[in-house]
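All remarks here apply to the structure that follows.
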Amino acid sequence: MIQTALDIEAIRKDFPILKREVNGKPLVYLDNAATSQTPQQVIDVIVDYYQNYNANIHRGVHSLSQEATDKYELARQKIQRHFNAAKSKEIIFTSGTTHAINLVANGFTSLLEKGDEVLVSAMEHHSNIVPWQMLCERSGAVLKVIPMNNEGELRIDLYREMLTSKTKLVFCNHVSNALGTINPVKEMIAAAHNIGAAVLIDGAQAAPHIKTDLQELDVDFYTASAHKMCGPTGVGILYGKEEWLNTLPPYQGGGEMIEEVTFEKSTYAGLPHKFEAGTPNICGGIAFGAAIDYLNSVGLDLIEKYEHELLEYATEQLLSIEGLKIYGTAKQKTSVISFNIQGIHPYDIGAILDKLGIAVRTGHHCAQPVMDFFSIPGTVRASFSFYNTKDEVDSLVAGVNKARQMLV
Ligand code: 7TS
């Protein structure tokens, strides 16, 4: 029996999309790790922006521009407070986690030397692998992989041995999108700092589920994407400690990121504008702030507890299906379950579930090295949010059972 302090029925009413049908069946949305759904409170903020104060920011003397600027900067402050960053200028708006990681990887090009080492975990999303490989190609640095065990937990003992005076950077996700593992990032950051390496933590999958205090983590860089946190697509953040952001060169040149431009030389604006060239996703940034307000009105601590109950229930129910194997059985997990049924391709299970109105993701989840580790082409991934119910878990289990009967 799931007991929760959350009023799930009331929460579900906030999400208009949850009322719709797909293929003639009530939608059961279990692809939250790919993107979360949007509550009416956030949709209203988006509509309000375009209906009432759409204007470019930081530019005009006119009132609309000032209003848009104030709301955009207020959103930055909300995000700062939510993650407990020391200063709002340490929050850089980006188009998402991918953009944030590329910004940092690009900035390190001139800071690394041939033979320097950068460490990446074995369970990364491609967006936390490829930019660093590109950085290594540019700089001559060497990419090394922190191994994991069969449960999908990082080998922290081996990680500690890999840290040497050559290590300049460590990057790791806070939570794995393919396995759901919550990594011991605080311990990893402290160990890296002991030998003078900087750390970037990809928080894309942690931010929707776990309350994170950036100052307590003492992390150098952290990333998040609004669309996984009940906000819109196309906006996210890079958090960086002020001294690091001052050290890194700008990523893109253009309007807004400069102090003075002549044909001989340009000088750059201070933080955060140095990294925010061009017209940003103004509405998206403001709506990101509204999404943070919404998550906090529900309460991330209650969300975490409820999603954990859903995870435990769904794990137990799914394991009762013959031939079903779960990939990612770490002790610390968020509500992500990656699984396969012996002898069935994950895509076929996903297609049958879709006919039943159940949305899951199938494939390698942009984490091919994780699939290679388990010697599988991909998995079926069900990822739960706080607006999912025990009944929806039951629908998933019934759907998977049906798929098994049809396909085995
Ligand atoms: N890092 C992790 C851990 C992710 O899960 C994702 C997106 C990204 C980075 C990239 O985020 P973006 O907002 O810049 O695209 N993960 C997924 C997923 O698991 N299914 O679809 C997108």
Going residue by residue through segment 298-307, the Karplus relation 6.51 cos²θ - 1.76 cosθ + 1.60 with θ = phi - 60° gives ³J(HN,Hα) values, rounded to whole Hz and with x marking Gly or Pro, of 6, x, 5, 5, 5, 4, 4, 5, 5, 5
Note, ³J(HN,Hα) from phi for segment 51-58, Karplus 6.51, -1.76, 1.60, rounded to Hz, x at Gly and Pro: 7, 10, 8, 4, 7, 6, 9, 6
State the Cα centre-to-centre distance between segment 219-267 and segment 103-119 in whole Å. 17 Å
Pulled fully out, how much extra length does the chain show between Thr267 and Asp354, if you take 0.36 nm times their separation in residues and subtract their Cα-Cα distance? 26.0 nm
Using θ = phi - 60° and the Karplus form 6.51 cos²θ - 1.76 cosθ + 1.60, what ³J(HN,Hα) does each residue of segment 201-217 get, whole Hz, x for Gly and Pro? 10, 7, x, 3, 9, 8, 4, x, 10, 10, 6, 10, 10, 5, 5, 5, 5
Over the Cα atoms of segment 42-148, compute the convex hull volume and normalise it per residue, giving Å³. 158 Å³
So for segment 44-296, considering every pair of alpha-carbon atoms, how many percent are separated by more than 33 Å? 20 percent
Please identify which residues in segment 81-111 have an amide N closer than 19 Å to a label point set 7 Å out from the Cα of Glu259, following the Cα→Cβ vector. 89-90
Going from the fewest other Cβ atoms within 10 Å to the most, one would list Thr109, Thr379 as Thr109, Thr379
Enumerate the lysines that Lys114 could reach by cross-link, defined here as Cα to Cα under 22 Å, with residues fewer than 8 away along the same chain left out. Lys144, Lys166, Lys168
So for segment 44-296, averaging the separation of alpha carbon pairs under 8 Å that are six or more residues apart and normalising by length, what relative contact order in percent results? 25 percent
Test of understanding: ordering Val145, Val397, Val336 by Cβ neighbours within 10 Å, fewest first, what list do you get? Val145, Val397, Val336
Only sites in a loop by DSSP and with at most 13 other Cβ atoms within 10 Å count here; which trypsin sites (Lys or Arg not before Pro) in segment 225-319 make the cut? Lys265
Computed P(r) (all Cα pairs; segment 143-223; 10 Å bins; percent): 18, 54, 27, 1
Give me the net charge for the shell around Asp354: Cβ to Cβ below 13 angstrom, other residues only, Lys and Arg +1, Asp and Glu -1. +1
What trypsin sites (Lys or Arg not before Pro) does segment 64-118 have in DSSP loop regions with at most 14 other beta carbons within 10 Å? Lys87, Lys114
Net charge (Lys, Arg +1; Asp, Glu -1) of residues whose beta-carbon lies under 12 Å from that of Lys305, Lys305 excluded, is -4
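Over segment 137-266, what is the relative contact order in percent, taking alpha-carbon pairs closer than 8 angstrom and at least six residues apart?
Numbers: 152 pairs, mean separation 20.3, N = 130.
That works out to 16 percent.
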Treat each spin label as a single point 7 Å out from the Cα along the C-beta direction, and report the Asn52 to Asn246 distance in nm. 3.9 nm
Please report the equivalent ellipsoid semi-axes of segment 1-76, computed as sqrt(5 x eigenvalue) of the Cα gyration tensor, largest first, in whole Å. 35, 15, 11
Multiply the residue gap between Glu316 and Leu111 by 0.36 nm, knock off their C-alpha separation, and tell me the result in nm, one decimal place. 69.0 nm
Roughly speaking, what is the centre-to-centre gap between segment 29-99 and segment 310-342 when only Cα atoms are used, to the nearest Å? 35 Å
Taking neighbour Cβ counts within 10 Å as the exposure measure, how do Ile91, Ile146 sort from fewest upward? Ile146, Ile91
Peptides ranked, highest mean first, by Cβ atoms within 10 Å: ranges 309-315, 247-253: 309-315, 247-253
With unit charges on the beta carbons (Lys and Arg positive, Asp and Glu negative) and the dipole taken about the Cα centre of the chain, which residue among Ile258, Ile182, Met123 sits farthest to the positive side? Met123
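FYI, it's all coordinate maths here, none of it is from the lab. Quick caveat, the model's predicted, so the values are computed rather than measured. Heads up, the Cβs are rebuilt from the backbone with ideal geometry, glycines too, and the neighbour counts pull from every protein chain shown.
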